[in-house]
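In what follows, a structure is listed as structure tokens, so that the remarks can point back to it.
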Amino acid sequence: MKAAAMTVSPAVTVCLVLSAWNGLALGDITIDPTPGGGNPAENLLFQGAGVVNGPATTVTGRTNTSGALLDVTSNVDLIGDGGQATVEGNPSPFGDGGVTLVPNNNSFTFTDLKFNIDAIPGGGSVDITVQGLDSGGNPEVETLLNASLSGNGQNFFRIMATNGTVITNVLLNTVGDIIDSITQIRLGGIVFGGGGGVGGGGGGGGGTTPAPEPSGLLIWSAIGLVAGSSTYLQRRRRGASKG
């Protein structure tokens, strides 16, 4: 007596493949509240063309190598310290209404950001939300909630994007105005043209066709398996009817 052959329906095949894909999917933006050594390539300074020192709700700094302009915005007046990568409240402290760091006029994207939050005595916590675009131009969001802030001024954070993902803006939010200043702001992986991952819009991809995303390859693999399963089952049914 022959054992019954087990068949797998196309629907089950799709579920298995997509479940595997979902389990392998990893975020391409990381927020590190305890970064070690090493720094992004460029310092943000508050001197040079295009810089806005304030006091104003938006101050604009300029990176020392590429000249990229970064806006820092709050709901209270800020001051960008001339020649230093420091943003202070006027009056201090600030942070309760949110603080955004975003390229001026969305003129560039970046993949690396490091900064130090100098909190008031007693400290507190901060929520960090990072928005970006993957290599296909699809939105990505990463958050770090309730990150502890010490009152001693050594609260470094480093945000990095990998695998073709780029960062478009960063939001800091605190409960109560507990930020005295944001210092030692550094950026890396700056690409002018803004908005769009590799081969995306807002500056063009230089005519280069981006490589298929792993997720897309797996989905197309699932479709191929479905087609193959359907053909196989149809042939078996025809063979059984002839027998």
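Values computed for the structure shown
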quantity	calculated
Residue list for the stretch 97-137, restricted to those being under 11 Å from the mean Cα position of the chain (by Cα) and without any contact (Cβ under 8 Å) to a residue 60 or more places away in the chain	Thr129, Gln131
Failed item in (1) surrounded by 20 or more Cβ atoms within 10 Å (Cβ to Cβ); (2) touching a Gly at 6+ places or on another chain (Cβ under 7 Å), with Gly136 passing the rest	(1)
The stretch 94-122, residues that are over 18 Å from Ile31 (Cβ atoms) and surrounded by fewer than 24 Cβ atoms within 10 Å (Cβ to Cβ)	Asp96, Gly97, Pro103, Asn104, Asn105, Asn106, Ser107, Asp118, Ile120, Pro121, Gly122
Options Arg62, Arg158; residue that is basic (Lys, Arg), within 22 Å of Ala41 (Cβ to Cβ) and open to solvent by 40 Å² or more (accessible area, probe 1.4 Å)	Arg62
Residue count, the stretch 32-53 (criterion: more than 20 Å from Ser148 (Cα to Cα), touching a residue at least 60 places away in the same chain (Cβ under 8 Å) and either open to solvent by less than 60 Å² (accessible area, probe 1.4 Å) or among the hydroxyl-bearing types (Ser, Thr, Tyr) (or both))	4
Residues of the stretch 82-108 that turn out to be closer than 16 Å to Thr168 by Cα and either aromatic (Phe, Trp, Tyr) or in a loop (DSSP other than H, G, I, E, B) (or both), as a count	2
Residue list for the stretch 67-81, filter: part of a loop (DSSP other than H, G, I, E, B), touching a residue at least 24 places away in the same chain (Cβ under 8 Å) and open to solvent by less than 50 Å² (accessible area, probe 1.4 Å)	Ala68
Residue that is most open to solvent (accessible area, probe 1.4 Å), among those in the stretch 187-214 that are at pLDDT 95 or above and within 16 Å of the chain's Cα centre (by Cα)	Val191
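The values are calculated or read from the model by the stated rules, or taken from the named source; none is laboratory data. What you see is a predicted model; the values in this text were computed from it and never measured. When we count neighbours, we look across all protein chains shown, and the Cβ atoms used for this are built from the backbone with ideal geometry, even at glycine. Keep in mind that these areas ignore ligands, DNA and RNA; they rest on the heavy atoms of the full protein, side chains included. Shrake-Rupley method; radii C 1.70, N 1.55, O 1.52, S 1.80 Å.
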